[in-house]
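These notes are about the structure you will find just below.
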Amino acid sequence: MKDKIFLVHLAGVAAMIFWGMSFIWSTQVYDSLNPTATIFLRLVVATIFFTAILFIFRLNEKIKKEHLGLFALAALFEPFFYFIFEGYGLKNTSPIIGSAIIALIPLVTPIGARIFLKERITPMNVVGLVVSFTGVVVMLLNKNMDFAASPKGVMFLSGAVLVAVGYSIALIKLTKLYKPLTITWMQNIIGMLYFIPLVVVMEHFEPSNFSQIGQYIVPLICLGVFCSAIAYAFWAFAFSKLGATRANVYSNLIPVFTAIFSYFIIHEEISAQKIIGIVLVVGGLVLSQLKKHKTA
């Protein structure tokens, strides 16, 4: 029993490590490709990998026609709008700041749930949101109280947070109908189809894009396989065993892993101000999640 619990927690941490690395890998690919092309190719890789896994191990489920509209709506939120906002947000800011803003999703989601699903917001939800938001502000401002990050990047990343909230609400019905792996597989397929017109209209591939393929092919494959496929599988496993409240605590680790990887891989400076901001972001998230666990 203890070994099984250990594997559950290991899966949760591994998913956060991959998602923490996603901000680094994305930044590396953006040196050669635009976000739209990057996201499309990432979804292609993930779809091929997921399809092979589901059919080889016979894990595929039959999708009912009456549920295709629900899948299409969920995929419109994520990966389509979410990856667009996140992609262009990361192109205009640093991985550490990007991961800290994205880490606000678990705290903003209860607000959307309150508005659309009439779920109750606890006082600790509010306290945690305020503390984490303060941490993000600390990271965004420099010593002169000016923005240390591009307002354009912050705007896009904030849009990603709002879209993720909409996706979480749309996902509730799907989780009652299909397994998490099936949902993720369908999202990747539909999301890939959504991106085709954008790639055709917006992307103009130059010979340099292909000559530089050696510089971005590895991080691109890592994004597709590890972040859009394996991480979701690990997360689904941990989520099914721990439940939403306990599993969501792991998302607090994303900005921490991103900061560590950014320092060692792309040599991004971690100032005392960023450390304070990360501590506040993670502290607010833990505060909110642990309180919900106590009252469960």
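Show me the helices (runs of 4 or more DSSP H) entirely contained within region 39-155 in which 2 or more residues are modelled with pLDDT under 90 and within 21 Å of residue 18 (Cβ to Cβ). Break it down into steps so the answer makes sense when it comes.
Details: elements: 68-75, 82-91, 95-102, 105-117, 123-140.
Helices (runs of 4 or more DSSP H) meeting the threshold: 82-91, 95-102, 105-117.
Restrict the check to region 52-70 and report whether at least one residue is open to solvent by less than 30 Å² (accessible area, probe 1.4 Å), farther than 30 Å from residue 277 by Cα, in contact with a helix residue (DSSP H, G or I) (Cβ under 9 Å, 6 or more places away or on another chain) and not hydroxyl-bearing (Ser, Thr, Tyr). Yes, because at least one residue in region 52-70 is open to solvent by less than 30 Å² (accessible area, probe 1.4 Å), farther than 30 Å from residue 277 by Cα, in contact with a helix residue (DSSP H, G or I) (Cβ under 9 Å, 6 or more places away or on another chain) and not hydroxyl-bearing (Ser, Thr, Tyr).
Filter region 271-280 for residues that are assigned to a helix (DSSP H, G or I) and either out of contact with any Pro (no Cβ under 6 Å at 6 or more places or on another chain) or surrounded by fewer than 19 Cβ atoms within 10 Å (Cβ to Cβ) (or both) and give the result. Outline the logic, then answer.
Step one: of region 271-280, the residues assigned to a helix (DSSP H, G or I) are 272-280.
If the condition is that a residue be assigned to a helix (DSSP H, G or I) and either out of contact with any Pro (no Cβ under 6 Å at 6 or more places or on another chain) or surrounded by fewer than 19 Cβ atoms within 10 Å (Cβ to Cβ) (or both), then 272, 273, 274, 275, 276, 277, 279, 280 are the ones that fit.
Considering 217, 196, 189, 230, the condition of being more than 14 Å from the chain's Cα centre (by Cα) and under 19 Å from residue 61 (Cα atoms) is satisfied by 189 alone.
Can you find a residue in region 112-124 that is aliphatic (A, V, I, L, M) and crowded, with 21+ Cβ neighbours inside 10 Å? No - not one qualifying residue is present in region 112-124.
Taking helices (runs of 4 or more DSSP H) as the structural unit, those lying wholly within region 182-265 and holding at least 3 residues that are in contact with a Pro (Cβ under 9 Å, 6 or more places away or on another chain) and modelled with pLDDT of 85 or more correspond to 254-265.
Matching residues to (1) under 15 Å from the mean Cα position of the chain (by Cα); (2) of a type in the set (Val, Ile, Thr):
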site: 6; (1), (2): no, no
site: 18; (1), (2): yes, no
site: 51; (1), (2): no, yes
site: 96; (1), (2): yes, yes
site: 101; (1), (2): yes, yes
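Just one of the numbered conditions (1) of a type outside the set (D, E, K, R); (2) at pLDDT below 85; (3) out of contact with any helix residue (DSSP H, G or I) (no Cβ under 6 Å at 6 or more places or on another chain); (4) in a loop (DSSP other than H, G, I, E, B) is not true of residue 33; which one? Unmet condition: (2). Residues that are under 21 Å from residue 286 (Cα atoms) and open to solvent by 50 Å² or more (accessible area, probe 1.4 Å) within region 257-270 comprise just one, 260.
The values are calculated or read from the model by the stated rules, or taken from the named source; none is laboratory data. Just so it is clear, the structure is predicted and the values come from calculations on it, not from any experiment. Glycine also receives a Cβ, built like all others from the backbone with ideal geometry; neighbour counts cover every protein chain displayed. Calculation scope for accessible area: heavy atoms of the full protein, side chains included, ligands and nucleic acids excluded. Shrake-Rupley method; radii C 1.70, N 1.55, O 1.52, S 1.80 Å.
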